Amino acid sequence: MENDSTKAKLVLDFRDAPRPSLFRQLGGNLLVPIGIVMTLGCYAVGLTTMVTSRPMLGQKMMYARVAFQGMTVAAMYYDLQLVAPPSR
């Protein structure tokens, strides 16, 4: 029979483990989160301006949203294909 002290030693405590920074978690590419924030910002402003009777500004914001969305996808492609080491 195992006593309680040996069971307690088998449980790992992850609260004290060092956590990587946000920059490392993103792989060093800050263009992706910046693009996501800009896309969401343009989307939110575009929807509110379309509702508040400023359709021309809303249309411009939707065009900007598409541009930021394309830049974000290009940054993700760059990060996955060109920066990431080949896995063999």
*How much length is gained on full extension from residue 60 to residue 30, taking 0.36 nm per residue of separation minus their Cα-Cα distance?*
8.3 nm
*Working out 0.36 nm times the residue gap between residue 53 and residue 81, then minus their Cα-Cα distance, what length gain in nm do you get to one decimal?*
5.8 nm
*Short version: ³J(HN,Hα) in whole Hz for each residue of the range 50-61, in order, from phi by Karplus 6.51 cos²θ - 1.76 cosθ + 1.60 (θ = phi - 60°), x for Gly and Pro, what are they?*
5, 6, 8, 6, 10, x, 5, 5, x, 5, 5, 5
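Read-outs: derived from the displayed coordinates by stated rules, not from any lab. Quick caveat, the model's predicted, so the values are computed rather than measured.
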